[in-house]
Structure formats: C-alpha cells, structure tokens
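The block underneath contains the structure these notes are about, expressed in structure tokens.
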Amino acid sequence: MSKHRQQILTSLKQAGYKLTKPRRAVIDILTKKQHPLTAADIHRYLPSIDLASIYRALDVLTKLNIAQVEQVNNSSYYYLDSTLHHHIICEQCGYKQCLPCKHTFNINNFVNIKHQLTLTGICQSCAIKLNQQQ
C-alpha cells in the first residue's frame, strides 16, 4: 500500500468515517490514475460499484480537502491533492496537464476562499497532427 493512500485512509478514520469498499476503491483509482476524473470515468473503472456510492465517496473526500473538484464544461473532475492547482486541457484529445497555483487572496469578510481556473488549448501532439492535415 502506498504511503499516500495510507495517509488518506488514516485521515478518513480520524475524521470518523468508515473505510467502506466504495471509498477505498475510489481512492485507489484516483491514486493510480493521478489525473482528474469524472464520477462517470471512475465508474467505468469500477463497474461493480454503483454511481451513487462513487458520488458519496467523492463528496466525503472533497469535504475533508483530500480531493479537489474542478468544473470543466458542465462536468466535475476530481483529483487527489490537498493543495489547489490548475489544469490545462487539450480541446482535441482531452490530454490534461497540471499547473501550479500561485494565487493568494486576502479579502475582508471572507475565509476559506477557493477558486477554479481551467485553461484550454491544443497540445503539441494535436497541433502537429493538425498542421500535417493542412
């Protein structure tokens, strides 16, 4: 078992959550894939676990700040990371790349401020293919 996975399971237990089969499975997929996935993506990897259980597991992980959620084109993408970062997504093939977040906010009358930023473009591989087709 990876150290990161063990830390996540320990955090869940310390917060009073049971280590259910769906929660463990979702954590395993997010740990293994290491890029943002929708609940439907996760369900394709875990067809024996119902979609509602996957959403419940993701809800717990985001509430505990173990997972982050990002909205892209009306879809929620989940990834394991306690620090916020951004993504750039290829409009052609869907390739995703992480970018560090350097934003800090100090706004009066607000605490626990979160933000989302998703960039889109065309990755180098797709750009080469598009240029070859022209």
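The values are calculated or read from the model by the stated rules, or taken from the named source; none is laboratory data. Bear in mind the structure is a predicted one, so any value in this text is a computation, not a measurement. Every residue, glycine among them, receives a Cβ derived from its backbone with ideal geometry; neighbour counts consider all protein chains shown.
Of the numbered criteria (1) surrounded by 13 or more Cβ atoms within 10 Å (Cβ to Cβ); (2) closer than 24 Å to residue 8 by Cα; (3) not hydrophobic (A, V, I, L, M, F, W, C), the one residue 118 fails is (2).
Which one is nearest to the chain's Cα centre (by Cα), of the residues in the stretch 106-134 that are of a type in the set (S, T, N, Q) and farther than 24 Å from residue 36 by Cβ? Filtering the stretch 106-134 for residues that are of a type in the set (S, T, N, Q) and farther than 24 Å from residue 36 by Cβ, the one nearest to the chain's Cα centre (by Cα) comes out as 106. Could you please tell me which pairs satisfy a Cβ distance under 7 Å, a separation of 6+ or placement on different chains, a first residue in the stretch 88-116 that is within 18 Å of residue 73 (Cβ to Cβ) and assigned to a loop (DSSP other than H, G, I, E, B), and a second residue that is at pLDDT 80 or above and not β-branched (Val, Ile, Thr)? Here the result reads 91/121; 92/126; 93/123; 93/126; 95/123; 116/70; 116/71, each pair linking the stretch 88-116 to a residue that is at pLDDT 80 or above and not β-branched (Val, Ile, Thr).
For the stretch 84-114, how many residues are of a type in the set (Val, Ile, Thr) and surrounded by 12 or more Cβ atoms within 10 Å (Cβ to Cβ)?
To start, the set of residues in the stretch 84-114 that are of a type in the set (Val, Ile, Thr) comprises 88-89, 104, 107, 111, 113.
After this cut, where a residue has to be surrounded by 12 or more Cβ atoms within 10 Å (Cβ to Cβ) as well, the list is 88-89.
So the count comes out to 2.
Residues in the stretch 55-79 that are surrounded by 14 or more Cβ atoms within 10 Å (Cβ to Cβ), within 14 Å of residue 41 (Cβ to Cβ) and not aromatic (Phe, Trp, Tyr): 57, 58, 67, 69, 70, 72, 76. Close Cβ contacts (under 6 Å, 6 or more residues apart or on different chains) running from residues in the stretch 13-25 that are basic (Lys, Arg) to residues that are modelled with pLDDT of 95 or more comprise 23/57.
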